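Below: one structure, written as structure tokens.
Each reported figure results from applying straightforward, stated rules to the coordinates on display, with no laboratory input. Quick caveat, the model's predicted, so the values are computed rather than measured. With ideal geometry, Cβ positions are generated from the backbone for all residues, glycine too; neighbour counts draw on all protein chains shown.
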Amino acid sequence: MKSLMELTQYVLADAQTWCCTSTTRDVETVASRVEDEGISFLTITLPSFCKDFESCLEKGGVLPSDFVGFKRAHKSVTLPAFLQGLLELVFDRCSGRLLDEPSTLAIFYVRQITLLHKKVLLPCSDERERNAFVKYIQCEKDLACFEGSVLRDDLYRFSRIADLLWASDCSIIDRMVYDGDLRPKHGPGKTADRTTGNGKYDAEFWHSRLEQYFCSSDFRIANSSFSYVLEGIDFLEPDAEIPVKVVSVPKTLKTPRIIAIEPTCMQYTQQALMEVIVSRLEKSNLLQGSIGFTDQTPNQRRARAGSVDRSLATIDLSEASDRVSNLLVRIMLKNYPSFGGAVQACRSTKADVPGFGIVSLTKFASMGSALCFPIEAMVFLTIVLCGYERKLKRTLSKNDILLLLPKVRVYGDDIIVPVDIVREVMDDLELFGLKVNTSKSFWNGNFRESCGKDYYRGCDVSVTYNRRVKPLSPRDVPEMLSLFSLRNQFYKAGLWRTVDYLDNELKRLAPLPNVTESSPILGRNSFLGYETEKMCKTLHRPLVKGYAVRALPKKSSISGEGALMKYFLKRGREPLFDPKHLERYGRPDAVDIKLRWGPPY
């Protein structure tokens, strides 16, 4: 906790230098409240302060009801005493009104100070973790209520617009599924049946309802002469299927992230569909780049443009993946029997939720399914057009869609729409069972955020997050890697006093050579370039001494039949990087760092 507080104090010192205002009292406030409230002040209370701050930017001023839990310096002053020097560069001290020319540098530092420790990887309390699973179950209940109460006219409207939007591209995907032009692959992550590494190519379970669209004789073996392999596979009927395993992973100390780990056979077949969906939709002539899955920069560029001219709004959804009803997915794909049937065949229908046992799923899929990201984006884009039709107050035509799509961008649950239809879009998102996070959706002021980038009047005010506590020795490998990364991110942002503090901390633990971002040696990035400590006698290139990451994949054997299947499923012409991939494969259980000589570039 002491290291987190020290880091905050140095960021405050940088804010004082760059913004030419005093933060001395703010340092005292941080120290006092951390002593009284503990680490939650840094990880929960300060991020809540930032949420209020962004809300004030959105509505154009500070109200007495804002910044709860932070006292004001005087009755006549609207701004809170904490960070008052920075806030006075953004808002009027007495009235709280947003200044005509607020300091974007002050906006950046208010956000950097308050969000610094928001995502530090520390375990949530047991109560907060239990509440997260309760919310997961509550989402299921909410979706069941939605499906029971949604009007037939609204579903018909959704279906009609989906047909206009997806007909040409989904027809192509439907034909590809019908013709068997799918190529599955295994992901690197965990599976619900605990199969890992090369073992996935010899998996012993297969869900029988996959057979219609993902025939085991085509997807499970490399050659018909290996049909004897199928005799050793356990084909599971729907009532005996392996459910997804719902788990929590660190997100913030306020709440963990809930994901679902899929069974091997479901993950394997989902990847086959995901690949053709992404490939087809990203090069669609009709969609004109309005939907994306692999490149976030178009969203970021549009968010920046929206922060300048206020023409575009950014919409954020709460629990987006868990609130997409499978009813909407079935309706959206009802005219494409092969495509829609394959999607339903590789969709898990049951989940094992800690504290609740096995539950049937109303949602399409949780985060963790390979199809979750592309399918939810398709649903969201359809709903955006439903909102557009509501705004027009007439039936949407193909020409209307062509006019709107260049102004819309959907990347997962990051949605960007024109400001003049944002209200109607948000209403329809709520109508179809989703939950708009109004505190992180922006359309009135000049602040916008999308896909990890934040802008105010065209200026990048994105912050750097501290992800881990300070390492005590080089043996704390994840903490060491995080500290090097944090130092270099702050260096790029120009927080020189913070960087100097981190440099001193790193020098106590490891060598700190100047290296470029592409160097295998852990070191400090510098605008002055890299340094050379000696020359390699063999390759005649500069060398520096430092720590390098070493990760050894765990041992994972594979049968001859599985090895042949792995060869046929490989993408690209280049050989696999690891020549011993048939002996060791999969994500390593841990990474290590080793002191050695290496190139600084």
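If each Cα of region 342-462 is one equal point scatterer, what is log10 of I(q)/I(0) from the Debye formula at q = 0.09, 0.13, 0.17, 0.18 Å⁻¹?
Debye output, listed in q order: -0.34, -0.66, -0.99, -1.06.
Send over the per residue convex hull volume for region 463-506, Cα only, as a whole number of Å³.
Here the figure is 57 Å³ per residue.
So, counting K/R as plus one and D/E as minus one, what does the shell of residues with Cβ under 11 Å around ALA320 add up to?
-3
Checking the a/c ratio against 1.5 first, then a/b against b/c, what shape does the Cα gyration tensor give for region 108-158?
On the way: a/c = 6.01, a/b = 1.85, b/c = 3.25.
Verdict is oblate for region 108-158.
Classify region 224-307 as rounded, prolate or oblate from the Cα gyration tensor: take a ≥ b ≥ c as the square roots of its eigenvalues, call it rounded if a/c is under 1.5, otherwise prolate when a/b beats b/c and oblate if not.
oblate
Going by the alpha-carbon gyration tensor, a ≥ b ≥ c the square roots of its eigenvalues, is region 131-224 rounded (a/c under 1.5) or, if a/c is not under 1.5, prolate (a/b greater than b/c) versus oblate? Mind showing how you got there, number by number?
Numbers: a/c = 2.92, a/b = 1.33, b/c = 2.20.
Because a/c hits 1.5 or more and a/b fails to exceed b/c, region 131-224 counts as oblate.
Which of the pairs LYS283/LYS407; LYS254/LYS492; LYS185/LYS254; LYS190/LYS363; LYS190/LYS440 have their Cα atoms more than 26 Å apart in this structure?
Details: LYS283/LYS407 17 Å; LYS254/LYS492 29 Å; LYS185/LYS254 35 Å; LYS190/LYS363 21 Å; LYS190/LYS440 31 Å.
Where the Cα-Cα span goes over 26 Å, the pairs concerned are LYS254/LYS492; LYS185/LYS254; LYS190/LYS440.
How do LYS334, LYS363 line up, fewest other C-beta atoms within 10 Å first? It would help to have the intermediate numbers written out before the result.
Values: LYS334 12, LYS363 24.
The most exposed by this proxy come first: LYS334, LYS363.
Hey, rough spin-label estimate for LEU539 and LYS283, points 7 angstrom out along Cα→Cβ, what's it come to in nanometres?
Between LEU539 and LYS283, the simple spin-label model gives 3.6 nm.
With r defined as the distance between the Cβ atoms of LYS51 and ALA590 and R0 fixed at 45 Å, what FRET efficiency is calculated, to the nearest 0.05?
E(calc), rounded to 0.05, equals 0.80.
Return CYS20, CYS56 ranked ascending by Cβ neighbour count within 10 Å, so the fewest neighbours appear first. Present the calculation step by step, with values, prior to reporting the outcome.
On the way: CYS20 12, CYS56 23.
Arranged by neighbour count, lowest to highest, CYS20, CYS56 become CYS20, CYS56.
For region 456-540, which GluC sites (Glu not before Pro) pass both filters: DSSP loop (anything but H, G, I, E, B) and at most 11 other C-beta atoms within 10 Å? Intermediate results must be reported in sequence, preceding the final value.
Numbers: sites: GLU479, GLU505, GLU517, GLU531, GLU533; in loops: GLU517, GLU531, GLU533.
Within region 456-540, the qualifying GluC sites (Glu not before Pro) (loop, at most 11 other Cβ atoms within 10 Å) are GLU517.
Report the relative contact order of the chain, percent, no decimals, based on alpha-carbon pairs under 8 angstrom and at least 6 residues apart. Could you put the intermediate results ahead of the total?
Details: 1055 pairs, mean separation 101.5, N = 601.
Here the relative contact order equals 17 percent.
Suppose R0 equals 22 Å. What FRET efficiency, 1/(1 + (r/R0)^6) with r the Cβ-Cβ distance, do LEU155 and LEU392 give to the nearest 0.05?
0.65
Arranged from highest to lowest average of other beta-carbon atoms within 10 Å per residue, in what order do the peptides 69-76, 181-188 appear?
Highest to lowest by the protection proxy: 181-188, 69-76.
Please sort 308-314, 142-148 by packing, taking for each peptide the average over its residues of neighbouring beta carbons within 10 angstrom, highest first.
Output ranking for 308-314, 142-148: 308-314, 142-148.
What does the charge add up to near THR78, with Lys and Arg as +1, Asp and Glu as -1, over the other residues with Cβ less than 15 Å from its Cβ?
Counting the neighbours of THR78, the net charge comes to +2.
At each listed q (0.13, 0.17, 0.23 Å⁻¹), what is the log10 of I(q)/I(0) that the Debye formula gives for region 3-107 modelled as equal alpha-carbon point scatterers?
Relative scattering, expressed as log10 I(q)/I(0), comes to -0.45, -0.79, -1.41.
Using a 7 Å offset from the Cα along the Cα-to-Cβ direction at both THR532 and PHE568, what is the distance between the two label points in nm, to one decimal?
5.2 nm
Assuming 0.36 nm per residue, please report the length gained on full extension of the stretch TYR178 to ARG301 beyond their Cα-Cα distance.
40.5 nm
Estimate the FRET efficiency between ALA73 and ASN437 by the formula 1/(1 + (r/R0)^6), using the beta-carbon distance for r and 35 Å for R0, to the nearest 0.05.
0.65
Using alpha carbon centroids, what distance separates region 542-590 and region 21-96, in Å?
50 Å
Principal axes first, then extents: for the Cα atoms of region 449-601, list largest minus smallest coordinate on each axis, whole Å, largest first.
58, 47, 32
What number comes out for the charge environment of LEU403, summing +1 per Lys or Arg and -1 per Asp or Glu over other residues with Cβ under 13 Å away?
Net charge in that neighbourhood comes out at 0.
Treat each spin label as a single point 7 Å out from the Cα along the C-beta direction, and report the SER217 to ASP460 distance in nm.
So the label points at SER217 and ASP460 sit 5.5 nm apart.
Can you give the helix-only mean residue ellipticity at 222 nm for the chain, where every DSSP H stretch with n ≥ 4 adds -39500 (n - 2.57) and the sum goes over all residues, rounded to the nearest 500 deg cm²/dmol? Mind showing how you got there, number by number?
Values: 18 runs with 243 residues, N = 601.
Per the formula, -13000 deg cm²/dmol.
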